[in-house]
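Everything below concerns the one structure shown next.
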Amino acid sequence: MNEDIVLHVENVTMQFGGVVAVNNLSLDVPKGKIIALIGPNGAGKTTAFNCITGVYEPTNGLITFNGEPIVRNHPVGAMKKTYAGLNADRYTSKFVLPKEFDESDDAYEKRKEALKEIDKYAFTDTQLAPTADKITNCGIARTFQNIRLWKSMTVFDNVLTAKHMRAKQNLFSATFRTSIAEENRMKEETVQLLEEQNLFRFKDDLATSLPYGLQRRLEIARALATNPTLLLLDEPAAGMTPQETVELCEFIKEIRNKYNLSVFLIEHHMDLVMQISDYIYVIDFGSEIAQGVPKDIQTNQAVINAYLGADNE
Amino acid sequence: MFKKINNALNPSLRHPEQERASRINKVGAIILLAILYVFLFVLDNFLPAGSFTGMLIPVLRKGAIYALLCVSMNLLNGFTGLFSLGQAGFMLIGGYAYAILSIPASQHAAVYQYFDGGAIQFSIPEFFSSFLGAGLGSFVGSIICIIIAGVIAALFAALIGIPVLRLKSDYLAIATLGFAEIIRAIFQWNGFGIITNGSNLLRKYTALSDIRWDIGSVSLKFGTVFVFLIVTICILLIVLLINSSYGRAFNAVRDDEISAEAMGINLFKHKMMSFIISSFFAGVGGALLAMYQTTIQSAAFTSAMTYEILLMVVIGGIGSVSGSGIAAFLYIAANEWWLRFLDSGSIGSIEVSFFRGGFRKVIFSIAIMIIVLFFSRGIMGDKELSITGVINWFKNRKERKLAKKINASKEGE
């Protein structure tokens, strides 16, 4: 595997009952790049995000982060029929000899060879579905489409609380204030983050009392507080004025350079996407319809059809 | 820019004004507590026994115990957002653990008369009394028993928490309520009678009246001081926890579980922590309640007891420690003392026919309904009481009146 690939998503499928929200999606996020995932409303972009960040458990597929598998699953039960043969072996180590196969059978040998090749994904269990906090702990931070700040907390506390995960203090050292040095360091870092985002003057205000654009900034600041190496932004420019969008564009590039981040974003503002992305994946109805650099995507017929409707003739 | 950052790097990050206010609050709280303890000591020993002190002492003791129980429930319901109704169960465990461990060995035959003297044949306070003297021995012994009571309640919480904390909101409430009832039923079961004395009373254990200091012929009582001491320490610990990094994480879980988890806060771990800590202090509160009552019986720890505590938390304000404390004292004082006359059948010498047993509860219910309807956020909301806060409240009274007038005139237009 290429070492420069930070996030690797392979054959991820998410099925809710009969609805396939994400269908066999594969994509890569290279280190230090800004990658965009676009698509019409309801295309499954946020679902894909939720699969990566552990909110959902994908029905099938593998997600690796810095080469380490963080999410993997393969269909079980009734789902198995739908996805049989779709690299299912790759996502499980339980290689069971099918009854109809004979030792001498070619197919069996083939499967065995295939299994050897993917040895590094040979897991002891069939399923790896960590909770969202473990994935954040790996270094993936995210923001939300519908802002999810902690409502009863101040701006300052919102960012400070996100630092809790990286704190080394335990319950006793925190309660008895023996880890006060770390606490102060956390507060200093929070101040720095807020200064950078021009949010410091609002530090004692309730997070929800901020205007919309600033709430989005605060969410990014909060995500940065978890010391990520990959930042997932779910429609960061939604509800922003054109001026704010331009600023956001610069801002994303700025934090990318400053924190050595890779950025993976979902966006509807085509201006923003075309301006900042290095590579774009387009999905519609859960399936990928195109991928390429912004210039190609702009002229891609499939993308234009998906957004503007296909000409049936 | 750089200057600004350097300025902000000041660890306290506070405005000098805030720094001053915080210092005033801390020093003021210590002075007030010292005055309170002197008063309680005088109340315990030197004030003449009468109907006034006869009511004041029990109300203060019970109020303090309920304040702790309220704060422990508030930690779970108000600060972590877990709607749990298992408080009475953990109090029961704490109270029983305390009582069982502190019944003197010589009294076992009498207490466990139906169970051949019971299984446990030692008493921790008695052990300490043997070399520390009766007063100090029972003081040290009962503190150790109280801590053990809390730990046992916390262990039960850890066991119960594993299945229960995977549930959300109402379902969690139902499950915890069920567990509390199961615990009560188990403690009443004769099968465990050699430990729990079945459905019979536990008595003759170290009570508050045993916390005293004999100097020659003078015996100084410390019952009320003891209760307040334990309660103050426990509430102080909870406040320290709430204001720490973990407290903020609890708040984050309460505000939005999904984003809390996405920011790396392990939901199950933090819910479990909060549940265990809350149960620990519920156990301590149960032990204190056992000391206060001098006898303990599992049949009394019904879900009504949990509702009573929940009511106090709501009256005080969900998410306010000082609100819980104030509400606990007010509730206990009103219930046990101020509204008693409604049951007596007369006001002074005037006979009122509908004042009879139970009428107090009617008035009490109406009062609570009024509070819930008109002060739905409770006495304190989610704010905390502080000395500077009170001073500012009085200072700003005129301004508030003015603001009200301006608003009223604006609305008039």
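The values are calculated or read from the model by the stated rules, or taken from the named source; none is laboratory data. Note that the structure is predicted; figures quoted are calculated from it, not measured. Cβ atoms come from the backbone with ideal geometry, glycine included; neighbour counts cover every protein chain shown. Surface accessibility is based on the protein's heavy atoms, side chains included, excluding ligands, DNA and RNA. Shrake-Rupley method; radii C 1.70, N 1.55, O 1.52, S 1.80 Å.
The tail of the calculated P(r) for the protein assembly as shown beyond 41 Å holds 46 percent of all Cα-Cα pairs. Amide H contacts for A:D284 (H built 1.01 Å from N in the peptide plane; partners 5 or more residues away or on another chain; cut-off under 5 Å): A:I289.
For chain B, the longest principal axis of the C-alpha atoms and the axis of helix B:397-412 are separated by about 60°. Converting phi to 3J(HN,Hα) with the Karplus coefficients 6.51, -1.76 and 1.60 and the offset θ = phi - 60°, the stretch A:31-38 yields 5, x, 9, 10, 10, 10, 10, 10 Hz in sequence order, with x at every glycine or proline. Per-residue SASA remark: A:L27, around 10 Å² accessible (1.4 Å probe; ligands, DNA and RNA not included).
The C-alpha atoms of chain B define a longest principal axis, and helix B:223-242 lies at about 40 degrees to it. When you work out D = kT/(6 pi eta Rh) for the stretch A:132-257 at 10 °C and 1.306 mPa s, using the Kirkwood radius from C-alpha pairs as Rh and the Stokes-Einstein form, the result is 105 µm²/s.
Kirkwood hydrodynamic radius of the stretch B:233-282, from the reciprocal of the average inverse Cα-Cα distance over all distinct pairs: 11.2 Å. In the assembled protein chains, B:D343 presents an accessible area of approximately 40 Å² (probe radius 1.4 Å).
Among B:G95, B:G319, B:G117, determine the one that fluctuates most according to a GNM of chain B built with springs between C-alpha atoms less than 10 Å apart. Of the options given, B:G117 has the highest mean-square fluctuation. For the stretch B:291-298, 3J(HN,Hα) computed residue by residue from phi via the Karplus equation (6.51, -1.76, 1.60; θ = phi - 60°) reads 4, 5, 7, 6, 10, 9, 9, 5 Hz, glycine and proline entered as x. Between the helical axis of B:134-164 and the longest alpha-carbon principal axis of chain B there is an angle of about 70 degrees.
Placing one equal scatterer on every Cα of chain B and applying the Debye formula, the log10 ratio I(q)/I(0) at q = 0.09, 0.11, 0.12, 0.13 Å⁻¹ is -0.65, -0.95, -1.10, -1.25.
Shown are A:T53, B:T232, whose ranking by accessible area with a 1.4 Å probe and every protein chain present, most to least, is B:T232, A:T53. Per-residue ellipticity at 222 nm from helix content only, as computed over the protein assembly as shown with -39500 (n - 2.57) for each DSSP H run of at least four residues, stands at -17000 deg cm²/dmol.
Shielding value for A:143-150 is 4, the average number of Cβ atoms from other chains within 10 Å of each residue's Cβ. Computed with every protein chain present, the accessible area of B:W189 is close to 150 Å² [probe 1.4 Å].
Remark: spin-label model distance A:E68-B:E17 equals 4.8 nm, labels positioned 7 Å along the Cα→Cβ axis.
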